[in-house]
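> To start, I am sharing the structure in question, which I have written as structure tokens.
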Amino acid sequence: MSLRYSFRSLIGILACGAAAGAAASALLWSLAWATGFRQAHPEVLWLLPLAGLGLGLLSFHLPDEVTMRDVQRSRGLIPRVPLRTAPLAYLGTVITHFFGGSAGRERSAVVMGAALSDRIARACGVTPETRRTLLSAALGAGFGAATGAPLAGAIFGFEYARLGRPKAGALAVSLATAFVAHAVARLLRTPHGDFATVGIPALSAGLVVRLGAAGLALGLATAAFTGLLHALERLHARFLRYPPLRPLVGGLLLVALYGLEGSGRFAGLGLESIAKALNAQSAPEEPFLKAVFTALTLASGFQGGEFIPLVFVGSTLGNVLAAFAGLPTAFLAALGFAAVYAGASRVPWACAVLSAELFGYAIFPYALVVCHLSHYVATKATSTDHD
């Protein structure tokens, strides 16, 4: 009996990892196409309100039985994630980006991996405890496959699902699932983006003080973003009682604001601005504007999540702060890259490891300090759980 369950668990690990990697790859390739089409035909932005109405009607008539917020609040046996969540997350995210919503992609990859893996785990007939382990591993595998950082993904599942200190066996499952997902994503040539190794300044007392101040500033930015997001959600719920109208109205506001801003660079992911923040000077208003556009997009009911937009906010804010802190621009931008999301989603360890995998392992101790400071400030500033 033990051997049978061990074999089923092994099949589950391989299948869950492969499913998470393939789902993340399909999503990222689709978003690359959608972004390219929108940039070549910027007039599609005018259709964002109608796209929002369509997404609102779809979500209203085909509601999810469980959300990622439910997963975070479970504190125990992770609730069942229905299979239909995967195609709904995929379709909603592609539509959001095709028409210019300011949203991310990693959350949807996490959702898709979780939905597929939950069905696989139940089909394998594993025990409830093994199912919980596989599903938390799938959360991380989806994140790791979407970011190109499998070690960070393995840690992400535990931190995000609030499962506490991982046991050795569960950690091994998470690592195996994450690396299988990463291998599948690499095999499918998933477009992740390349980042150069960041130079590290000499360690000194002054550097520690300046990093502490930067971590506090990034944490305050995180708290401001999450506060704005939830304030807009409350306004939508209060004045727009019929949920499908919320993305319609939000789309109208976004189109108007895009028109006033004029450049269009805050629509979609904003990967070009992130790359620029790591190599050149960012405009001081960039983190603020991206935060506003993203909060309005997500509060209205568009899909995609907040990871890449918060990377945008963190990297551009780190870029701007570098001049005041007297630190290398690329160094502080790389720390901001991870720190704002670390505070927003309460995953400081995963984000510190993410920085190390993307920018070189020498940055890890600095990222760990700044991510935990951002997490601490955001936690103290608001007690609300986030997606």
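> Ranked from highest to lowest mean number of other Cβ atoms within 10 Å per residue, what is the order of the peptides 145-152, 125-132, 282-289?
145-152, 282-289, 125-132
> Just how large is the dipole of region 205-381 about the Cα centre, in debye to the nearest 20, putting +1 at every Lys and Arg Cβ and -1 at every Asp and Glu Cβ?
420
> Given the options Phe337, Phe60, Phe359, which has the most mean-square fluctuation in a GNM of the chain, springs set between C-alpha atoms less than 10 angstrom apart?
Comparing Phe337, Phe60, Phe359 in the GNM, the peak value goes to Phe60.
> Sticking with this structure for a sec: Taking the mean number of other Cβ atoms within 10 Å as a proxy for protection, how do you rank 182-191, 227-236 from highest to lowest?
Packing proxy ranking, top to bottom: 182-191, 227-236.
> Cut-off is 10 Å between beta-carbons; in what order do Ser273, Ser355, Ser374 appear when sorted fewest neighbours first?
Ser273, Ser355, Ser374
> On to the next question. What percent do you get for the relative contact order of the chain when only Cα pairs under 8 Å and 6+ apart count?
Contact order relative to length: 23 percent.
> Among Lys290, Lys276, which comes first, second and so on when ranked by fewest other beta-carbon atoms within 10 Å?
Final ranking by Cβ density, sparse to dense: Lys276, Lys290.
> Okay, next question. Using a simple charge model, +1 on the beta-carbon of Lys and Arg, -1 on the beta-carbon of Asp and Glu, nothing else, what dipole does the chain show about its Cα centre, in debye to the nearest 20?
1000
> When the convex hull of the C-alpha atoms of the chain is computed, what volume per residue in Å³ does it have?
Taking only Cα atoms, the chain has a hull volume of 123 Å³ per residue.
> Count the net charge of all other residues whose Cβ sits under 10 Å from the Cβ of Lys276, scoring Lys and Arg as +1 and Asp and Glu as -1.
Summing Lys/Arg as +1 and Asp/Glu as -1 gives -1.
Quick note: the coordinates plus some simple rules give every number you see, no bench work behind them. Values in this document were obtained by computation on a predicted structure and should not be read as measured data. Neighbour counts are summed over all protein chains in view; Cβ atoms, including those assigned to glycine, are modelled from backbone coordinates with ideal geometry.
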